[in-house]
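Working notes for the structure below.
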Amino acid sequence: MPRYWFRQKTFGYGATPNTWQGWALTITGCVALFGVVLLGPVIRDNSLRALWMVLGCAIVLVPTTTIAYIKTEGGWRWRPASSSEAAAHKNNGKDS
């Protein structure tokens, strides 16, 4: 039985880290993406800088997202709010 690193979100789309491996993947992806963005201004040529940003972000985000998708228990899909949460949101938390 595979061990999942992420769990389904209660509301919305996607997943939330559930184990230290999930948190490590999330933090590593954020640090790598931050590094890509920080190195962008070092490149003088605008076209090369744009290429660096697009490819660098894709090289970081595609594998990170793919691993998170594979390691999520139950998969990703839109999960609407429960009826009580929807009512509270509709009333902006005020009692009628």
Which of the residues spanning the range 50-78 are of a type in the set (S, T, N, Q), surrounded by 11 or more Cβ atoms within 10 Å (Cβ to Cβ) and either farther than 18 Å from Thr10 by Cβ or touching a Pro at 6+ places or on another chain (Cβ under 8 Å) (or both)? Thr64, Thr65
Which numbered condition Ile27 fails, given (1) closer than 30 Å to Pro80 by Cβ; (2) surrounded by 12 or more Cβ atoms within 10 Å (Cβ to Cβ): (2)
Checking Glu85 against (1) over 17 Å from Tyr13 (Cβ atoms); (2) of a type outside the set (Gly, Ala, Ser); (3) at pLDDT below 75; (4) surrounded by 12 or more Cβ atoms within 10 Å (Cβ to Cβ), which single condition isn't satisfied? (1)
Taking only pairs six or more apart or across chains, which ones have beta-carbon atoms under 9 Å, a first residue in the range 67-95 that is at negative phi and assigned to a helix (DSSP H, G or I), and a second residue that is among the small types (Gly, Ala, Ser) and at pLDDT below 75? Ala88/Ala81; His89/Ala81
Six or more apart or on different chains, Cβ atoms under 9 Å: show the pairs whose first residue is in the range 1-24 and surrounded by 15 or more Cβ atoms within 10 Å (Cβ to Cβ) and whose second is assigned to a loop (DSSP other than H, G, I, E, B) and small (Gly, Ala, Ser). Tyr4/Gly74; Phe6/Gly14; Arg7/Gly74; Gln8/Gly14; Gln8/Gly74; Gln8/Gly75; Ala15/Gly74; Ala15/Gly75
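Restricting attention to the range 10-20, does a residue exist that is outside any loop (DSSP other than H, G, I, E, B) and on the phi > 0 side of the Ramachandran plot?
Taking the range 10-20 and keeping what is outside any loop (DSSP other than H, G, I, E, B), we get 12, 15-17, 20.
Pick out the ones that are also on the phi > 0 side of the Ramachandran plot and you get 12.
Yes.
The values are calculated or read from the model by the stated rules, or taken from the named source; none is laboratory data. On a predicted model such as this, the values are computed, not experimentally measured, just so you know. Ideal geometry is used to build each Cβ from the backbone, glycine not excepted, and the neighbour counts take in all protein chains shown.
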